[in-house]
Amino acid sequence: MYRDHNCGELNIKNIGESVSLAGWVQRIRNLGSMQFIDLRDQYGITQIVVSSEELKKQMEDVCQESVISIIGKVVERTNKNLKMSTGEIEICAEKIEVLGKCKNTLPFEINSEKIDISNVREDLRLEYRYLDLRNEKIHNNILLRSKVMKSLRNEMDKLGFTEIQTPILANSSPEGARDYLVPSRLHAGKFYALPQAPQQFKQLLMVSGFDKYYQIAPCFRDEDPRSDRAPGEFYQLDFEMAFATQEDVFEIVETVIPKVFKEHTSWKADDGSFVRIPYREAMEKYGIDKPDLRNPLIIKDATNLFKNTEFNSFKDKTIKVIVVPKGAEQGRKFFDSMGEFAVEEAGAKGLAWVKIDEENNVTGGISKFVTDEIKTEIGAKAGDSIFFIADEFEKAQKIAGLVRIELGKRLDLIQKNVYRFCWIVDFPMYEYNEDEEKIDFNHNPFSMPQGGLKALNENDPLDILAYQYDLVCNGYEMASGAVRNHDPETMIKAFEIAGYTEDDVKKKFGALFTAFQYGTPPHAGAAPGLDRMIMLISDSDNIREVIAFPKNKKARDVMMNAPSKVFDEQLKDVHIAVTEEED
């Protein structure tokens with residue numbers, strides 16, 4: 001063995017013992033007759049003292065981040081560092097073995113007080129990800145991920161769920177994103193698809209008589225990356241229950257999620273029952289379907305209040321307003337910068353505003369168009385400011401939502417060190433696709449419409465709501481789920497409204513449709529996203545910081561050089577010909 005203790009284990013009780021340690025050289029300090037080495041492993045740092053001339057000579061070619069093992073005696077430190085678990089002791093080295101030398105020049109500093117690793121170019125960090133993962137914060141994120149996965153499994157096991165793995169090579173299905181396709185060698189011209197989610201398989205497990213299923217499932221979607229969405233692949237706590245309603249799913253999530261959050265963070269987390277907000281209400285009050293409830297600002301509709309206005313920019317427009325308590329304290333520069341944000345970042349034509357002074361007079365901006373009646377109706381008081389967004393209905397909602405978020409950030413209104421959860425419920429079953437001039441599914445095509453087959457037959461499709469729900473935490477969508485449409489007749493009608501024939505349903509979802517003919521229990525489920533959960537618990541701004549080997553912003557693995565070209569023989573095996581254009 002290269003070690004009998006780890007670098008975070010020894011303390012004052014071990015004085016006098018002969019020990020062996022192994023790890024990475026974090027820092028070397030030469031002080032004349034003595035040399036001090038900070039030796040690091042996953043568990044901590046121990047100071048090593050080298051006084052022997054022979055050992056000092058041995059260390060001459062050893063630089064930072066080299067791997068060594070040492071044998072020595074534990075002694076009490078004269079200059080104790082009580083911030084470290086090992087800060088009361090040091091090891092007097094008697095033998096050193098160099099296990100793995102490091103190059104003298106690193107691509108970037110790893111654990112240095114001189115540099116913030118987040119300021120290093122991300123592609124460089126990802127190219128040398130094995131070095132980046134030695135950074136304490138990133139390393140701890142991956143350890144946290146492991147602990148959270150274990151906690152999730154423990155909680156699901158306690159609740160009687162059975163962990164079952166579903167296939168990775170599956171069929172292509174229209175679930176909202178592009179599939180990753182895998183050509184078949186044995187079946188020329190045919191393709192597998194990597195699953196966007198285990199949706200059909202978990203429903204088939206319910207048909208198979210399994211009562212409660214879960215897995216920490218890999219999912220694959222060919223989507224553009226964002227700071228909160230990993231390109232290509234992600235993981236989710238996927239679960240489904242037979243004989244379950246929406247309430248049953250909420251109870252599971254509200255039992256598991258707060259418990260896991262509280263176990264792994266010192267922040268306060270909401271307990272169930274979480275606030276429930278209908279989709280349309282969320283869009284009205286927050287301008288977004290994933291509202292951050294830590295932000296106290298609320299959007300109000302003032303369209304009727306300005307229906308007879310003489311202000312041309314407001315005529316025949318939807319008018320949204322945001323009242324900012326004590327916002328009148330801000331100077332002109334603040335209001336101008338918010339106007340620039342609205343135009344350049346939110347897509348607005350402009351951002352009107354007024355202040356209300358301590359004597360309740362309206363000043364600045366469009367003050368001459370804001371009456372006492374308007375102030376009263378929207379709840380504005382002395383000392384407040386008001387921002388106005390005017391545009392077409394959906395654009396006005398979206399712009400107001402972005403302005404609300406930016407105001408919360410700039411004015412430091414966001415609650416600190418807290419996780420605020422809410423359910424967004426009552427999603428529309430359908431939406432109108434203006435580009436194709438047709439009705440499309442709004443969310444999940446496998447969801448049960450509220451009102452069932454009767455609603456599908458009798459109601460305007462755009463008025464039908466679905467038993468679909470999203471869990472939102474601090475402005476991030478953290479889970480999505482639904483009560484499933486398990487009735488074949490209802491399924492055919494639901495897809496017919498979206499432009500699919502019965503043959504389309506049988507062809508695209510043949511296994512599911514056929515299985516539903518053989519006695520299917522009502523079932524429901526959800527899938528909290530693991531990567532986003534870890535991002536929130538670790539207080540990271542970028543989802544790539546909590547994934548061991550992530551793709552970059554262009555969905556490339558710059559360390560392994562993927563995607564990459566393959567040999568012609570490999571293409572022939574899977575009956576593929578590549579047509580290339582010159583750069």
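Assuming residue 273 fulfils every condition listed in (1) out of contact with any Asp or Glu (no Cβ under 7 Å at 6 or more places or on another chain); (2) of a type in the set (Ser, Thr, Tyr); (3) over 14 Å from residue 537 (Cβ atoms) apart from one, which condition is it?
Status for residue 273: all satisfied but (1).
Please enumerate the residues belonging to segment 480-494 that are under 16 Å from residue 517 (Cβ atoms) and open to solvent by less than 30 Å² (accessible area, probe 1.4 Å).
Listed by number, the residues that qualify are 484, 485, 488, 490, 491.
Could you go through segment 452-465 and let me know if any residue there is touching a Phe, Trp or Tyr at 6+ places or on another chain (Cβ under 8 Å), assigned to a strand (DSSP E or B), modelled with pLDDT under 95 and open to solvent by 10 Å² or more (accessible area, probe 1.4 Å). If you could, list the steps in order and put the result at the bottom.
Our first condition is that a residue be touching a Phe, Trp or Tyr at 6+ places or on another chain (Cβ under 8 Å); within segment 452-465, this holds for 461-462, 464-465.
Checking which are assigned to a strand (DSSP E or B) leaves us with 465.
Restricting the remaining residues to those that are modelled with pLDDT under 95 gives none.
No - not one qualifying residue is present in segment 452-465.
On the basis of being open to solvent by 40 Å² or more (accessible area, probe 1.4 Å), touching a residue at least 12 places away in the same chain (Cβ under 8 Å) and among the aromatic types (Phe, Trp, Tyr), does residue 210 make the cut?
Against the criterion (open to solvent by 40 Å² or more (accessible area, probe 1.4 Å), touching a residue at least 12 places away in the same chain (Cβ under 8 Å) and among the aromatic types (Phe, Trp, Tyr)), residue 210 qualifies.
When segment 355-398 is examined, which residues are found to be open to solvent by less than 60 Å² (accessible area, probe 1.4 Å) and either in contact with a Phe, Trp or Tyr (Cβ under 8 Å, 6 or more places away or on another chain) or hydroxyl-bearing (Ser, Thr, Tyr) (or both)?
Residues satisfying the conditions are 363, 364, 365, 366, 367, 369, 374, 385, 386, 387, 388, 390.
Please tell me if residue 85 is over 35 Å from the mean Cα position of the chain (by Cα) and small (Gly, Ala, Ser).
Numbers: over 35 Å from the mean Cα position of the chain (by Cα): no; small (Gly, Ala, Ser): yes.
So residue 85 does not fit the description; no.
Hey, can you tell me all the residues within segment 6-25 that are on the phi < 0 side of the Ramachandran plot and surrounded by fewer than 19 Cβ atoms within 10 Å (Cβ to Cβ)?
The answer is 6, 8, 9, 11, 12, 13, 14, 15, 17, 18, 19, 20.
Given the conditions (1) assigned to a loop (DSSP other than H, G, I, E, B); (2) open to solvent by 70 Å² or more (accessible area, probe 1.4 Å), which single one is not true for residue 173?
(2)
Return yes or no: is residue 230 modelled with pLDDT under 95, open to solvent by less than 40 Å² (accessible area, probe 1.4 Å) and among the small types (Gly, Ala, Ser)?
yes
Collect the residues in segment 274-293 that are in contact (Cβ under 8 Å) with a residue 12 or more places away in the chain and more than 22 Å from residue 417 (Cβ to Cβ), keeping them in residue-number order.
Once the filter is applied, which keeps residues that are in contact (Cβ under 8 Å) with a residue 12 or more places away in the chain and more than 22 Å from residue 417 (Cβ to Cβ), segment 274-293 yields 276, 277, 278, 279, 280, 282, 283, 284, 285, 287, 288, 289.
For segment 299-342, which positions are of a type in the set (A, V, I, L, M, F, W, C) and free of Cβ contacts under 8 Å to residues at least 60 places away in the same chain? Explain how you work it out, then say what you get.
The first filter runs over segment 299-342 and keeps only residues of a type in the set (A, V, I, L, M, F, W, C), leaving 299, 302, 305-306, 311, 314, 319, 321-324, 328, 334-335, 338, 341-342.
Of everything in segment 299-342, those that are of a type in the set (A, V, I, L, M, F, W, C) and free of Cβ contacts under 8 Å to residues at least 60 places away in the same chain turn out to be 311, 328, 335.
Tally the residues that are out of contact with any strand residue (DSSP E or B) (no Cβ under 6 Å at 6 or more places or on another chain) and open to solvent by 10 Å² or more (accessible area, probe 1.4 Å), restricting the search to segment 314-345.
Summing the residues that are out of contact with any strand residue (DSSP E or B) (no Cβ under 6 Å at 6 or more places or on another chain) and open to solvent by 10 Å² or more (accessible area, probe 1.4 Å) in segment 314-345 gives 19.
For segment 13-56, please list each of the strands (runs of 3 or more DSSP E) lying entirely inside it that holds at least 3 residues being under 25 Å from residue 133 (Cβ atoms), in contact with a Pro (Cβ under 8 Å, 6 or more places away or on another chain) and among the basic types (Lys, Arg).
Strands (runs of 3 or more DSSP E) meeting the threshold: none at all.
Filter segment 283-305 for residues that are assigned to a helix (DSSP H, G or I), under 16 Å from residue 399 (Cβ atoms) and not charged (D, E, K, R) and give the result.
283, 286
Please determine, by comparing only the residues of segment 63-82 that are at pLDDT 95 or above and among the aliphatic types (A, V, I, L, M), which one is nearest to the chain's Cα centre (by Cα).
So the residue we want is 67.
Any residue at all in segment 540-547 that is open to solvent by 40 Å² or more (accessible area, probe 1.4 Å), at pLDDT below 95, under 30 Å from residue 268 (Cβ atoms) and not in a helix (DSSP H, G or I)?
yes
Return the residues of segment 233-270 that are farther than 22 Å from residue 538 by Cα, in a loop (DSSP other than H, G, I, E, B) and open to solvent by 60 Å² or more (accessible area, probe 1.4 Å); say none if nothing qualifies. Full working, then the answer.
Here is the first cut: in segment 233-270, the ones farther than 22 Å from residue 538 by Cα are 239-252.
Filter once more, so that each one left must be in a loop (DSSP other than H, G, I, E, B): 243-245.
Matches in segment 233-270: 243, 245.
The values are calculated or read from the model by the stated rules, or taken from the named source; none is laboratory data. Treat the numbers as computed from the prediction; the structure is a model and nothing was measured. Backbone-built Cβ (ideal geometry, glycine too); neighbour counts: all protein chains shown. Side chains are part of the model used for accessible areas, which takes the heavy atoms of the whole protein and leaves out ligands, DNA and RNA. Shrake-Rupley method; radii C 1.70, N 1.55, O 1.52, S 1.80 Å.
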